[in-house]
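Just below is one structure, and these are the notes that go with it.
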């Protein structure tokens, strides 16, 4: 199943950087128009925390500190932005495909290195990006919510971030 995504950004380069990674492989495909089936991602140069958040099915990604955090990880900025967007898209997909869920149902229960538990602040995200991973509990949880292709894509971004940091 393909997941349609419409990106918009304050700065077109942010959208281009993320799109270079996000749409390279399925399940995400770029959409050029909005409708109720399309997921929306908005990149903005605002330092809100958490750096990635879901507001009424709109994934908001802060590009503030993105140069520093991607440099810290020794990863391309677009990969960093795509990883954050995918974190939000996994949650948005889970909510849309499971209408009885609420956003608070997706809160990670255990603190730690899982990317789903590390998105509440830039500091926590930076620590998690030292060894980016998704815990087995989160993988099983989201797979049970019928978002396995999106979780697999997120894992591939986490692995790419991790291998970039080893260079």
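Quote the Stokes-Einstein diffusion coefficient, in whole µm² s⁻¹, for segment 90-151, based on the Kirkwood radius over alpha carbon pairs, a temperature of 4 °C and a viscosity of 1.567 mPa s.
107 µm²/s
Quick one: grab Rg to one decimal and Dmax as a whole number for segment 20-162, Cα atoms only, in Å.
According to the Cα coordinates of segment 20-162, Rg and Dmax are 13.9, 40 Å.
Obtain the nm distance between the two label points defined at residue 144 and residue 48 by a simple spin-label model: each point lies 7 Å from its Cα along the Cα-to-C-beta direction.
3.0 nm
Would you mind ranking 57, 32, 161, 107 so that the residue whose beta carbon has the fewest other beta carbons within 10 Å leads the list?
32, 107, 57, 161
Arrange 29, 59, 139 by Cβ neighbour counts within 10 Å, fewest through most, would you?
29, 139, 59
Tell me, how many Å apart are the Cα centres for segment 38-77 and for segment 20-37?
Here the answer is 17 Å between Cα centres.
What ranking do 138, 31, 163 get, fewest neighbouring Cβ atoms within 10 angstrom at the top?
Result, fewest neighbours first: 163, 31, 138.
What is the gain in length, in nm to one decimal, between residue 96 and residue 58 on full extension, counting 0.36 nm per residue of separation less the C-alpha to C-alpha distance?
12.5 nm
Return the percentage of antiparallel bridges among DSSP beta bridges fully within the chain, rounded to the nearest 5 %.
Counting only bridges with both partners in the chain, antiparallel ones make up about 20 percent.
Any read-out appearing in this document is the output of simple, stated calculations on the displayed coordinates, not a laboratory observation. Given the structure is predicted, the values throughout are model-derived calculations rather than measurements. Neighbour counts are summed over all protein chains in view; Cβ atoms, including those assigned to glycine, are modelled from backbone coordinates with ideal geometry.
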